[in-house]
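The structure under discussion appears below in the form of structure tokens.
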Amino acid sequence: MTTSSSSNKKIKFHYGYGGTITPGKNCGKLRYEGGMNGIMKVDRGITYTELVVKLWDVCGPSMRLRCKLPHDDLDSLVHVWSDEDLAYVLEEYDQCSEDLKIRAILDDTLRFSWANDELYCFRPKDFIMQVHTKSLMFQSQVNV
């Protein structure tokens with residue numbers, strides 16, 4: 001568990017969205033080019049869900065979060081899907097440095113497809129409403 005002093009720390013996510021990972025021209029080392037880049041500062045105790053909602057505000061709900069570990073290159077990004085995955089990334093950075101600057105790549109995954117092949121693109125509140133509506137529709141069909 002984290003102590004109260006470490007949970008008060010801030011984390012900086014240096015994120016990129018909409019670009020590509022390409023080899024550098026001179027050294028061949030992979031780098032992120034194009035797209036939108038930014039830095040998001042969040043509390044150390046943030047949950048995966050809270051982080052994703054904040055990232056949705058930047059790039060919309062159609063993204064997948066992957067993070068670079070401190071000693072790895074951009075060819076071995078870690079997928080972050082849960083609180084446990086986020087905790088693993090934070091632990092890796094904690095072992096290397098006091099300063100938590102995590103490189104995050106947000107992949108565009110605009111692929112919300114339901115059984116009737118409809119495609120949705122919407123903000124988080126709309127997504128929750130749509131899932132709830134689909135769930136109620138499914139329940140009413142089952143109960144008939």
So for the stretch 8-93, if I pair up every lysine 8 or more residues apart or on another chain, how many of those pairs have alpha-carbons under 24 Å apart? 15
So, with points 7 Å from each Cα along the Cβ direction, the Trp81-Val53 label distance in nm works out to 2.2
Hey, can you find the accessible area per residue of the stretch 11-107 for me, probe 1.4 Å, expressed in square angstrom? 53
With a cut-off of 8 Å between alpha carbons and a minimum separation of six or more residues, what is the relative contact order of the stretch 11-107 in percent? 36
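The values are calculated or read from the model by the stated rules, or taken from the named source; none is laboratory data. Everything numeric in this text was worked out from a predicted model, so none of it was measured. Cβ sites come from the backbone with ideal geometry, for glycine too, and all protein chains shown count toward neighbours. In case anyone asks, the SASA skips ligands and DNA or RNA and just uses the protein heavy atoms, side chains included. Shrake-Rupley method; radii C 1.70, N 1.55, O 1.52, S 1.80 Å.
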